[in-house]
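Note sheet for the following structure.
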Amino acid sequence: MLEVTDLTVKYGEVVAVDSVSFCVEKGEIFGILGPNGAGKSSTIKAVVGLVDFEGKIRINGKPLSFESKNLIGYVPEEFMLIESLTPLEFFEFVASVRGVKNSRKIDILIDAFGIRSYVNNPIATLSMGTKQKVSIISALLHDPLLLILDEPLNGLDARSSRILKEIMQKHVERGGAVLFSTHIMEIAEKLCDRIAVINNGRIIAEGTVDELKELASVEGSLEDVFLKLTGQDVGIREIIDAIS
């Protein structure tokens, strides 16, 4: 579904992503984990065509293009909404751009994420959590083959988080694919079929949770594995003891 080969992203002289390669297959949730500033969001922005890059990106066997972008549903880490519009106006705009003619899909998603009472208010007046729901709904409207979700659970209440996780699972069961970035290790451990750990712009480990545990020689949680692989486990106990 998604093939990324030798991807490099630079901001001036700064190399944010350094020769990264990975594949996301149909029917799987592929997670990208990394510390702040590791290159996760830059990788995702390159995949959706928001930043210049070197290397190759193919979606469903075709190079990244306007046509292939229509196969993507994208929830960015930072909102990309037209805040002068209401949610309903924004959904109708997205639907027209995406060629969605089934208005019932909009109603179903509005009710699923519980924002019916806000759909006629300007997006600028909405809470962070409600804006996140608007962003998620707009990404789902056209039934994309590939969902790309960058920290999609930020600001969501427990009910909406559960619904989104169920949607992700149903999506891959139907043959779709999900590229998923999160800092919540417990959720990544439960949801992701495979995980790539990125640090300093490079993928340092990739595989299932069990494969990552074996690689890191850790028998604990994915959080323990992640901290060990990224070298962030050193000194944690001393810091906690000092604070205590």
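Every number in this text was worked out from the coordinates using simple rules, so none of it is lab data. All values derive from a computational prediction rather than experimental measurement. No Cβ is skipped: glycine too gets one built from the backbone with ideal geometry, and neighbour counts run over all protein chains shown.
Select from V234, V209, V24 the residue whose mean-square fluctuation is largest in a Gaussian network model of the chain (Cα-Cα springs shorter than 10 Å).
The residue that fluctuates most here is V234.
On the Cα set of the chain, report Rg and Dmax in Å, please.
18.7, 60
Modelling each spin label as a point 7 Å along the Cα-to-Cβ direction, I'd like the Y11/K26 distance in nm, to one decimal.
3.7
Just to verify a number: FRET efficiency for D111 and E223, C-beta to C-beta distance, R0 = 41 Å, to 0.05?
On the way: r = 35 Å, r/R0 = 0.85.
Using R0 = 41 Å, I get an efficiency of 0.75.
Cross-link partners among lysines for K131, C-alpha distance below 19 Å, same-chain residues fewer than 8 apart left out?
K105, K165
Across bins of 10 angstrom width beginning at 0, how are the C-alpha pair distances of the stretch 109-240 distributed, in whole percent?
10, 36, 29, 18, 7, 0
Would you tally the net charge around E189, using a Cβ to Cβ cut-off of less than 14 Å, leaving E189 out, and scoring K and R as +1, D and E as -1?
It works out to a net charge of -3.
Just from the alpha-carbon atoms, what are the Rg and Dmax of the stretch 51-184 in angstroms?
Radius of gyration, then largest Cα-Cα span, for the stretch 51-184: 14.7, 45 Å.
How large is log10 I(q)/I(0) at q = 0.26 Å⁻¹ when the Debye formula is applied to the Cα atoms of the stretch 80-143, each weighted equally and without solvent?
For the requested q values the scattering log ratios are -1.17.
Past 29 Å, Cα to Cα: identify those pairs from K40/K213; K10/K170; K62/K101; K56/K101; K69/K213, in the order given.
Details: K40/K213 21 Å; K10/K170 36 Å; K62/K101 26 Å; K56/K101 33 Å; K69/K213 35 Å.
Check vs 29 Å cut-off fails for K10/K170; K56/K101; K69/K213.
What's the angle, to the nearest 10 degrees (0 to 90), between helix 87-98's Cα axis and the longest principal axis of the chain?
It is inclined by approximately 80 degrees.
Springs between alpha-carbon pairs under 10 angstrom, Gaussian network model over the chain: which of L50, L179, L81 fluctuates most?
Judging by the Gaussian network model, the answer is L50.
Which of Y118, Y74 comes first, and how do the rest follow, when ranked by fewest Cβ neighbours within 10 Å?
Values: Y118 20, Y74 23.
Fewest-to-most Cβ neighbours within 10 Å comes out as Y118, Y74.
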